[in-house]
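Encoded as structure tokens, the structure appears first; notes follow it.
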Amino acid sequence: MKLTLFTLFTIITAFTYWLRYINLQHLKLNGSRVPEGFEASIDAEKLSKSSAYTFAASRLGLWDSLFDNALLILFLFGGLIATYDGFIRSLSPDPILSAILFFLLMTWGSTLLGIPFDLYGTFRIEAQFGFNTTTARIWITDFIKAQAIGAVLLVFLICVVFWLINWSPQQWWLWVWGFMALFGLFMMFISPYLIEPLFNKYEPVTEPGLEEEIRVMMEKAGLKVGKVLQMDASRRSNHSNAYFTGIGKVKRIVLYDTLIKQMSHAEIVAVLAHEIGHWKKGHIWKRLLWAELMALAGSWLSFKLLLWPGLPGMLGLPADISLPAKMVVLGFIASLALFPLGPYSAWRSRCHEREADRYATDLTGKPEDLASALVKMSAENLSNLFPHPLYADFYYSHPPVVERVQMLRNSSVCMIFVS
């Protein structure tokens, strides 16, 4: 079985690398042509820079992936997990403390090994293409904050989960699922107030007249939002974006200050109309419901498999490895089994994005505003305008931007014809 799993892992990994390869080859063949309707924002020089950025980011991603996969092979297939597990168990006989040490040290080790790739991506590639504005001090401060918050949350989750397992050995899968679901909702409530402000400064939109235009559009949509804020994203990067955060009465709109500088008011309103479309079409709760149903099924199946004595043997490991080690083995096997669902999840997401585009068009009555905003965002972010269709099918949560712009402009023509 170990050889079978290794073969399956190798096939899946090779397939993902092949997808990466054909995506870059597709860009080589088409990357010198400015798409129709993009001429005002993208010229030959910008297109060349966009292609170079895609190739540079892809190369870094490839080396990062190769390194991670090499470590995974050594850790799981090379048997290092058994050695690591024995070391952790020698530190403490307490199952909860042992689980905390197991996952915390493993997480920190993985993070530390990934630092060189993160640094190169931020201070080399992002800087080379004019995106990086962060300083070494900000990077270090962000890193320490993220690790501290992550460690606190991880320790809390491990304590509760393993306590539930000891408290209810036969039904823990249901209790753990319920706790994780509630914890996720709780984090959606508190994150905008307790965690996000630790990294960025949020303040009311300072652009004259913009907040009023946004609120008019919100009222037209029948959606109440507590605050419309701008975020100092330019302290770290010149990439632009906008998003909704929170849930229920703590919903709020956040605009990158870079986005405000790059776009007209009408374009910003159109982008937010798209985000509102996700709320009005029920995409948020549908995604939450789907995720929780999958988590419930996964929790029950994990309960069954973790009781199975043959689980460690699937990777040639001793049967007496700890529960945390068995969880890692199960997580790896699950990642192989769930790989075919990736394209389906991406397809569902793209369907939601198209629905949100249509809603934004109906709400504003100006599809050209959203089309123009997408063109500007793709130009400013040096997005790949020519992804291979198969690559996009597997990985793109949004339809390729050229396709989206064409659909919006076709609907604009239809609206003009009808009117």
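The values are calculated or read from the model by the stated rules, or taken from the named source; none is laboratory data. Just so it is clear, the model here is predicted, and its values are computed rather than measured. As a convention, Cβ positions derive from the backbone with ideal geometry for all residues, glycine included, and neighbour counts pool all protein chains shown.
Before moving on, here are some points about what is shown:
- Those residues of segment 384-393 which are touching a helix residue (DSSP H, G or I) at 6+ places or on another chain (Cβ under 6 Å) and surrounded by fewer than 17 Cβ atoms within 10 Å (Cβ to Cβ), in sequence order: ASP393
- Cβ-Cβ distances below 8 Å connect the following pairs, each with a first residue in segment 293-322 that is exposed (fewer than 12 other Cβ atoms within 10 Å of the Cβ), a second residue that is part of a helix (DSSP H, G or I) and among the small types (Gly, Ala, Ser), and a separation of six or more residues or different chains: ALA319/GLY313.
- Of all residues in segment 341-381 being over 29 Å from TRP290 (Cβ atoms) and either in contact with a His (Cβ under 9 Å, 6 or more places away or on another chain) or among the polar types (S, T, N, Q) (or both), the one that is modelled with the highest pLDDT: SER372
- Taking the criterion of being among the hydroxyl-bearing types (Ser, Thr, Tyr), without any contact (Cβ under 8 Å) to a residue 60 or more places away in the chain and surrounded by 13 or more Cβ atoms within 10 Å (Cβ to Cβ), the only residue of segment 126-158 that qualifies is THR141.
- Selected residue (criterion: nearest to GLY31 (Cα to Cα)) from residues of segment 50-96 that are among the charged types (D, E, K, R) and surrounded by fewer than 16 Cβ atoms within 10 Å (Cβ to Cβ): ARG59
- Answer from PHE189, PHE244, PHE183 - the residue that is among the aromatic types (Phe, Trp, Tyr), within 30 Å of ILE144 (Cα to Cα) and modelled with pLDDT of 85 or more: PHE183
- Within segment 125-169, considering residues that are of a type in the set (Phe, Trp, Tyr) and under 30 Å from LYS46 (Cβ atoms), the one modelled with the highest pLDDT: TRP139
- Within the set ALA82, ALA40, ALA56, ALA70, the sole residue that is in contact (Cβ under 8 Å) with a residue 40 or more places away in the chain and within 30 Å of the chain's Cα centre (by Cα) turns out to be ALA56.
- Counted as qualifying within segment 28-139 are the helices (runs of 4 or more DSSP H) with 3 or more residues that are farther than 28 Å from TYR391 by Cα and among the hydroxyl-bearing types (Ser, Thr, Tyr), namely 80-91.
- For segment 8-60, a tally of residues being basic (Lys, Arg) and within 15 Å of VAL402 (Cα to Cα) returns 1.
- Segment 323-347, subset in contact with a helix residue (DSSP H, G or I) (Cβ under 8 Å, 6 or more places away or on another chain), assigned to a helix (DSSP H, G or I) and not aliphatic (A, V, I, L, M), residue nearest to LEU311 (Cα to Cα): LYS326
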